[in-house]
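The structure appears right after this line, and notes come after that.
The values are calculated or read from the model by the stated rules, or taken from the named source; none is laboratory data. Predicted, not measured: the structure shown is a model, and the values here were computed from it. As a convention, Cβ positions derive from the backbone with ideal geometry for all residues, glycine included, and neighbour counts pool all protein chains shown.
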């Protein structure tokens, strides 16, 4: 769960990497003249207030801050000072070398010494804490956590594991990469994180999200112009954005006003794929859906989705004139779910790529066919939406899954840029990019890891494309709506029995 203050000027959530956040900080201090000590004080005060809210009754409770020698450590030391003035029993432990402390951190140490606030000299003393403040490393960490720092992180995690102390991370859990969410050697496992200015990508990407707990984003006084000049290029939708981005309905309209989606999908014994995509396209508001599928699926589709326009073909001899007519009819095309990689399917994909002049979504076997037939890349239209999961992405890019997981936003962005497409890289945190900007989807849950869920997503994106949404927004917003519907389904049905059809059913709770 992410609790963000909202700058009225902005829509969506901004997600900063370490470079962008450092740019905001530097511009605020050096160009605008806001003293670093002022920002540190506001960060510490916001953290102290959150700690008191979490502890509720602070009487008899003890807080110990574990601090590094950088400014993140200075934040932690200032938290101890503020909590002490609030009457909360507090102490501090220096994991970093005080001789290497920054100017701001050295000042905080001096103040605590002058106030005679207790200093812990041993990690064993952490067992006395009811809450531990992790302020060892901030957003600038790029190297693995080793040696004494690793032992300190392990001591914090042990205290939490035995239920002795809750853990609050300052800005980001120590050991988590701000840019990728990867664990750098070892990392603190926090119950909650208080971060400043804006969310960080490492707090929402896995495994960083697992280490961050509940995340609170606090306004510590970075001016809007400081955020603007940083040119943040990673975003996330939130529920308030639904009204802004959902295609508007008009009183004076008809089914032709809301677009026509062609779903080229399904094969023998794979009728579900085209049903899920087609039904999802209808459920996100498009006016007409045509299903182009093998004749074996005729009766199933008519029974399950009588609202669909149905065109069937003989897989032993595909009538390309029928396909051409269907493509000409459409305002957007969804290609690939359940199509198989048989020779006739390869011909369908090749023909569609060559002749499609409307926005196109390629999923599942459509992607596998392109991966297995490199010459097809030359026919892929610009801004086509690709929706690969990690396995499909590995086949498309020839990159091992383990390697791409080290930096999913970079993998997605570079693939999109190199091929001139919109890439929807599906994972526990789906990444969407056009090669320049990125969206990280914060909706969805593990119950959605079920057959047909991806077919539903491709239909949603196709439906939004047919309603004239631009490809990047349709892809990112489609992922968000898909995840919200899954969240609504899980809330009522649980994770274990959640089906793709449930996601479709609960779309009506999200889109009204």
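Here's the yes/no breakdown for (1) at pLDDT below 95; (2) in contact with a strand residue (DSSP E or B) (Cβ under 6 Å, 6 or more places away or on another chain); (3) surrounded by fewer than 18 Cβ atoms within 10 Å (Cβ to Cβ); (4) over 29 Å from residue 442 (Cα atoms):
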residue: 4; (1), (2), (3), (4): yes, yes, yes, no
residue: 21; (1), (2), (3), (4): no, no, no, no
residue: 26; (1), (2), (3), (4): no, no, yes, no
residue: 29; (1), (2), (3), (4): no, no, yes, yes
residue: 42; (1), (2), (3), (4): no, no, no, no
residue: 91; (1), (2), (3), (4): no, yes, no, yes
residue: 107; (1), (2), (3), (4): no, no, yes, yes
residue: 116; (1), (2), (3), (4): no, no, yes, yes
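Scan segment 408-418 and give yes if some residue there is assigned to a loop (DSSP other than H, G, I, E, B) and either in contact (Cβ under 8 Å) with a residue 40 or more places away in the chain or within 16 Å of residue 202 (Cβ to Cβ) (or both), otherwise no. No, that holds for no residue. Among the residues making up segment 441-472, those that are within 19 Å of the chain's Cα centre (by Cα) and part of a helix (DSSP H, G or I) are 446, 447, 448, 453, 454, 456, 457, 458, 460, 461, 471, 472. If I go through segment 237-259 residue by residue, how many of them are in contact with a helix residue (DSSP H, G or I) (Cβ under 6 Å, 6 or more places away or on another chain) and crowded, with 18+ Cβ neighbours inside 10 Å? Final tally of qualifying residues: 2. Looking only at residues of segment 290-346 that are in contact (Cβ under 8 Å) with a residue 40 or more places away in the chain and assigned to a helix (DSSP H, G or I), we find that the one that is surrounded by the fewest Cβ atoms within 10 Å (Cβ to Cβ) is 329.
The residue of segment 118-142 that is nearest to residue 186 (Cα to Cα), among those that are in contact with a strand residue (DSSP E or B) (Cβ under 9 Å, 6 or more places away or on another chain) and either without any contact (Cβ under 8 Å) to a residue 40 or more places away in the chain or not assigned by TED's automatic domain parsing to the domain that holds residue 16 (or both), is 123.
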